[in-house]
Amino acid sequence: MSFDMSNCTLCPRKCSADRAGGKTGVCGAGEKILVARAAAHYWEEPCISGEKGSGAVFFSGCSLKCVFCQNYEISSGMKGREVTVVQLRDIFRRLADSGVHNINLVNPTHFAAAIAEALEQPPGIPVVYNCGGYESVETLKMLEGKVQIYLPDMKYSDNAAARRYSGAGDYVETAKAAILEMYRQTGDYVLDDAGMLRSGVVIRHLILPGLLENSRGVIDWVDDTFLPGSVLFSLMSQYTPCGRAAEFPEINRRLTAEEYGKIQAYMDRSGIMDGFFQDMESAGEEFIPDFDFTGIDNDL
């Protein structure tokens, strides 16, 4: 497969950066694949992490610019090691051989073309595309048949908030179109006998402090768009002020139990029947992995 890296349009920003010529795009990435960690990860939804962990490959750079990003040192700081497509494929194989439940591509958008090439040899276990929801439908179509599980965020139902906190004033309509494409590819979610996800879409929503109407809007859209049994929904309470959150005083705090309780109750009253609630105890920097090149350096 080939993609023109001299005129990059992989993400919805379509910034046309000449990444092949050494220029970086809005995502911060050039031509080379950058990976910060590749190892078993145990802090995803139960149907993804299971007992053996999810084989998480953390990519550096990001086309979203979330000021509160908990992975800020790799998403904006670009901490990572360069790998080739062949090396990336070998990382997938080694993770699969270790016994993890799936290959979990964390923030893969800006390397989607290279990932699609690496996946021309399937790893033999489900592949999870774990993203911020800000995706190009055209790019997603490149991955059809190669990705079995989509794990997108639906961060916002309010474009004003999306513009302020993620620099993406077109987030809402873009993420909705992307999630509908993901569902078109996978169909209704499928769990195996052990409760592990084999295929389907899990829509995540992280509640932001003070933005409860934003969360209600996300729940409304999922409720109105998908029938029971079609997608899973994951309501997340783990918001921890990271990155540049201190520059935005209104979100420079943890979510309160009262705020979370209100959104839990709203979701309970909705028609969403399939999914997960996250414990408030999941908020904390101890749940952020060390981006120490685990699983990479030994392959270079």
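Within the set Lys32/Lys176; Lys23/Lys146; Lys14/Lys141, which residue pairs have Cα atoms separated by over 26 Å?
Lys32/Lys176; Lys23/Lys146, as the Cα separations exceed 26 Å there.
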Size of region 229-277 as Cα extents on the principal axes (Å, biggest first): 40, 21, 12
Convex hull volume of region 106-227 per residue (C-alpha atoms, cubic angstrom): 111
For the chain, what does the convex hull of the Cα positions come to per residue, in cubic angstrom? 118
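Two-decimal Rg/Rh of region 1-97 from alpha-carbon positions, Kirkwood Rh?
Here the Rg-to-Rh quotient is 1.01.
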Once the Cα gyration tensor of region 46-190 is diagonalised, what are the square roots of 5 times its eigenvalues, in whole Å and ordered largest first, as equivalent ellipsoid semi-axes? 25, 18, 14
Sequence-separation-based contact order of the chain, relative, with Cα cut under 8 Å and 6+ spacing, percent: 18
Asp97 and Ala257 label points (each 7 Å along its Cα→Cβ direction) are spaced in nm at 4.9
With +1 on each Lys and Arg Cβ and -1 on each Asp and Glu Cβ, how big is the dipole of region 181-300 about its Cα centre, in debye rounded to the nearest 20? 420
Could you work out how much longer the chain between Ser270 and Lys176 gets when fully extended? Use 0.36 nm per residue separation minus the Cα distance between them, nm to one decimal. 32.0 nm
Could you check what % of the DSSP bridge pairs in region 106-218 are antiparallel, to the nearest 5? 20
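Regarding region 152-221, what is the average projected area of its C-alpha convex hull, in nm²? Please report the intermediate quantities before stating the final value.
Values: hull surface 21.3 nm².
With every direction weighted equally, the projected area is 5.3 nm².
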Just from the alpha-carbon atoms, what are the Rg and Dmax of region 20-70 in angstroms? 14.4, 44
For the pair Glu82 and Trp43, the simple spin-label estimate (label points 7 Å beyond Cα toward Cβ) gives in nm 3.0
Taking the Cα-to-Cβ direction at Arg244 and at Lys52 and moving 7 Å from each Cα, how far apart do the two end points lie in nm? 4.1
Excluding Gly22 itself, calculate the net charge of residues whose Cβ lies under 13 Å from the Cβ of Gly22, where each Lys or Arg counts +1 and each Asp or Glu counts -1. +1
Scalar couplings 3J(HN,Hα) for region 211-228 by Karplus 6.51 cos²θ - 1.76 cosθ + 1.60 (θ = phi - 60°), nearest whole Hz, x for Gly and Pro, are 9, 5, 5, 4, 5, 4, x, 5, 4, 4, 5, 4, 4, 6, 9, 10, 6, x
Using a Förster distance of 22 angstrom, determine the FRET efficiency expected from the C-beta separation of Glu213 and Met280, and round it to 0.05. 0.60
Leaving out ligands and nucleic acids, and using a 1.4 Å probe, what accessible area per residue does region 1-95 come to in Å²? 42
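Compute the Rg/Rh shape ratio of region 160-300: radius of gyration over Kirkwood radius, all on alpha-carbon atoms.
Here Rg/Rh amounts to 1.00.
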When DSSP assigns beta bridges and you keep just the ones with both residues in the chain, what percent turn out antiparallel, to the nearest 5? 30
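The values are calculated or read from the model by the stated rules, or taken from the named source; none is laboratory data. It should be emphasised that the depicted structure is a prediction, and the values quoted were computed from it without experimental measurement. Quick reminder, even Gly has a Cβ in these numbers, built from the backbone with ideal geometry, and neighbours come from all protein chains shown. Calculation scope for accessible area: heavy atoms of the full protein, side chains included, ligands and nucleic acids excluded. Shrake-Rupley method; radii C 1.70, N 1.55, O 1.52, S 1.80 Å.
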